[in-house]
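Asks: Would you mind keeping the following structure in view while I ask a few things?
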Amino acid sequence: MALRETLKLGEMLLEAGVITPEQLDAGLKEHKKTKEFLGLTLVKMGFVKEEELLPVLSKQLGIPYVRIKELKIDSEIINRVPAKFASHYKLMPLRMENGTLVIAVTDPLDIHTIDDIKLLLGYDVKPVLAGEKDILEAIKKYYGVGAGTVEKMMEKTAVEEEEKVTEVVTEEVEELAEDASVIKFVNQLLSQAVEERATDVHIEPYEDELKVRFRIDGVLNDIAVPPAIRHFASAIVSRIKIMANLNIAERRLPQDGRIIIKIKGKDYDLRISIIPSVFGESVVIRILSPGMLYSLEELGLLERDLKILEEMISRPHGIIFNTGPTGSGKTTTLYACLSKINKPGIKIITIEDPVEYQLKGIVQLQVHPKIGFTFAAGLRSILRHDPDVIMVGEVRDLETAETAIRVALTGHLVFSTLHTNDAAGGVTRLIDMGIEPFLVASSVECIIAQRLVRVICPNCKKPVKPSKEVLEELEVMENVEVEKITIYEGKGCESCKFTGYRGRTGIYEFLVINNEIRKMIVERVSSDRIKKKAMEMGMRTLRQDGWEKVLHGLTTPAEVMRVTQREE
């Protein structure tokens, strides 16, 4: 861009109050060094946001500014421009106007690039202005993640026929797994997953496609990938195996591994699970980041429940059980409890499968059932290490349950998890395993049931009228004036990917084992009667805690209904 035009842009940004004179001077100095577009320099230096810069630039150049997110682009237009051109030149085809292709670019004055594009595409092109971030997101949306990389991979095979491509990939999969393009595609996929806050990446082979899905806020979402990626399924799985130090020649048995990678300066711990399916190997990558460790105050506990939990974890002995289905946040809650009581004067040992997060000052053990190192065997060994607090990843069988109870009765505080639907169900689960009721009554201090619900996106939160069904349930809650109720939902915006939700919080049910409940346990009373008695004494159920979160404007009735059962 010419110096005169650069100065004019700077003056216009000054006039619009977007930057200060000092920022313009610093930007011009950097611009002289790098020779890149002044606007881009100012954005990189953090002086101006792209969305503030572009309208000013559009006015200066007399070139229309478009927000690609607000447009719907026809697939026929997308097919006119190969993904590798779109990725390389950072452009997005928008529409045809009288035989001219309208393209969105970041610098419409770069005549050489525009001429290159005309020559390569064989069309007259009309450039319009758009943000770089908008263009890159549109490329991912319309072409799929790593589309440019996949096109290069297809070219490298130098084979037109689909059958030959498949054959080459199968025979030379080990070599292809080390190919720069395959490595780049896997890296792009992982970066995209982290950017979208995914907790899991699912790579699933089917007869005629390779499907990629991200689990975001507990819900699986299909991710756009180029159809041609199915030809490289084996190479992609082999690349992941190489990263996780797994056996790339073994394709008939399940394998588990671990990768530690750095993305945008942050370390991420990836847990890899690979299973053989009918059409190839299916991969699930769990993404653990340091930011996923929470304090007790961040778990979403209401004040009353927080006090109960703090009182429970300060006890010198007994068992605290956390129950719920897989992925309900049990481990996160237990880690938050351990972090709270982790002090220099206390010895804490955990035995887990697998160890999900490393906690400083805590000795953590990983079970290895194949060599006989089970939860029960580990617990017996742990006792010889003079612990004060023990966490057992899960009580799965009678031997582990008996050992954990014996440990609790000999003066240790024990944390563990069970798979039951509610807190009272934890009592009957232990008795069904074969534990004597008097041992359950004398060792268990508290059972916490929990679920995760999605939180309403703060950027598009709006009040809505509650349905008749919701009002009926809220009417029976204490201290609720139905006519004054306001509930909220997310309208859907860019920030939440138009889902209306961003992030998750917990809903909880605390069954404190007091003398009355202990007496009922010894008498082998059913879990329904235990639950009813606990509610009479003030226990709030999962559903009720969920409704409180709705009334606080944190989540929606639909979320509470999705994860909890209606109570009679």
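Asks: If we keep just the residues of the stretch 226-260 that are in contact with a Lys or Arg (Cβ under 8 Å, 6 or more places away or on another chain) and in a loop (DSSP other than H, G, I, E, B), which is surrounded by the fewest Cβ atoms within 10 Å (Cβ to Cβ)?
Replies: Among them, the one singled out is Asn247.
Asks: Sticking with this one: Between residues in the stretch 72-84 that are among the acidic types (Asp, Glu) and residues that are assigned to a helix (DSSP H, G or I), which pairs lie under 6 Å by C-beta distance while being six or more apart or on different chains?
Replies: none
Asks: Considering the stretch 470-485 alone, what residues qualify as being among the acidic types (Asp, Glu) and in contact (Cβ under 8 Å) with a residue 60 or more places away in the chain?
Replies: Answer for the stretch 470-485, where residues must be among the acidic types (Asp, Glu) and in contact (Cβ under 8 Å) with a residue 60 or more places away in the chain: just Glu473.
Residue by residue, here is whether (1) touching a Leu at 6+ places or on another chain (Cβ under 9 Å); (2) among the hydrophobic types (A, V, I, L, M, F, W, C) holds:
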residue: Leu418; (1), (2): yes, yes
residue: Ile431; (1), (2): no, yes
residue: Ile435; (1), (2): yes, yes
residue: Val464; (1), (2): no, yes
residue: Lys468; (1), (2): no, no
residue: Leu471; (1), (2): no, yes
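Asks: Being out of contact with any Cys (no Cβ under 6 Å at 6 or more places or on another chain), among the hydrophobic types (A, V, I, L, M, F, W, C), outside any helix (DSSP H, G or I) and open to solvent by less than 30 Å² (accessible area, probe 1.4 Å) narrows it down to one of Ile521, Ile530, Ile507, Ile517, so name that one.
Replies: Ile507
Asks: If you take the residues in the stretch 15-53 that are surrounded by fewer than 15 Cβ atoms within 10 Å (Cβ to Cβ) and among the hydrophobic types (A, V, I, L, M, F, W, C), which one is nearest to Asp134 (Cα to Cα)?
Replies: Once the filter is applied, the top-ranked residue is Met45.
Asks: Here's something else I'd like to know. Where the second residue is outside any helix (DSSP H, G or I) and the first is over 23 Å from Val66 (Cβ atoms) and lies in the stretch 28-52, which pairs have Cβ atoms under 7 Å and are six or more apart or on separate chains?
Replies: Going by the 7 Å Cβ cut-off, the qualifying pairs are Glu30/Met45; Phe47/Ile19.
Asks: Among the residues of the stretch 261-289 satisfying the criterion of being touching an Asp or Glu at 6+ places or on another chain (Cβ under 7 Å) and either part of a helix (DSSP H, G or I) or among the small types (Gly, Ala, Ser) (or both), which is surrounded by the most Cβ atoms within 10 Å (Cβ to Cβ)?
Replies: Restricting to residues being touching an Asp or Glu at 6+ places or on another chain (Cβ under 7 Å) and either part of a helix (DSSP H, G or I) or among the small types (Gly, Ala, Ser) (or both), the top hit is Ser282.
Asks: May I pose another question? If the Cβ limit is 7 Å and pairs must be 6+ apart or interchain, which residue in the stretch 8-24 that is more than 15 Å from Gln60 (Cα to Cα) pairs with which residue that is of a type in the set (Gly, Ala, Ser)?
Replies: What qualifies is Leu24/Gly10.
Asks: Same structure again: Can you name the residue in the stretch 542-568 that is of a type in the set (S, T, N, Q) and crowded, with 22+ Cβ neighbours inside 10 Å and is also farthest from the chain's Cα centre (by Cα) among such residues?
Replies: Filtering first and then ranking leaves Thr564.
Asks: I need the full set of residues from the stretch 429-451 which are open to solvent by 40 Å² or more (accessible area, probe 1.4 Å) and not small (Gly, Ala, Ser), in order please.
Replies: Arg429, Asp432, Glu436, Phe438, Leu439
Asks: Would you check which residues across the stretch 491-504 are open to solvent by less than 50 Å² (accessible area, probe 1.4 Å) and not in a loop (DSSP other than H, G, I, E, B) and list them?
Replies: Answer for the stretch 491-504, where residues must be open to solvent by less than 50 Å² (accessible area, probe 1.4 Å) and not in a loop (DSSP other than H, G, I, E, B): Tyr501, Gly503.
Asks: Another one. So which helices (runs of 4 or more DSSP H) are wholly in the stretch 395-458 and hold at least 3 residues that are out of contact with any helix residue (DSSP H, G or I) (no Cβ under 7 Å at 6 or more places or on another chain)?
Replies: By residue number, 423-433.
Asks: Since Lys360 meets every condition but one in (1) within 24 Å of Ile308 (Cα to Cα); (2) within 29 Å of the chain's Cα centre (by Cα), which condition does it not meet?
Replies: Result: Lys360 fails condition (1) only.
Asks: Just name the residue that is nearest to the chain's Cα centre (by Cα) out of those in the stretch 68-83 that are within 15 Å of Ile135 (Cβ to Cβ) and open to solvent by 30 Å² or more (accessible area, probe 1.4 Å).
Replies: Within the stretch 68-83, the match that is nearest to the chain's Cα centre (by Cα) is Lys69.
Asks: Shifting gears a bit: Kindly establish whether Tyr488 is touching a residue at least 40 places away in the same chain (Cβ under 8 Å), surrounded by 13 or more Cβ atoms within 10 Å (Cβ to Cβ), under 30 Å from Glu70 (Cβ atoms) and of a type in the set (Phe, Trp, Tyr).
Replies: Yes, satisfied.
The values are calculated or read from the model by the stated rules, or taken from the named source; none is laboratory data. Keep in mind that what you see is a predicted model, and the values were worked out from it rather than measured. Glycine also receives a Cβ, built like all others from the backbone with ideal geometry; neighbour counts cover every protein chain displayed. Accessible surface areas use protein heavy atoms only, side chains included; no ligands, DNA or RNA. Shrake-Rupley method; radii C 1.70, N 1.55, O 1.52, S 1.80 Å.
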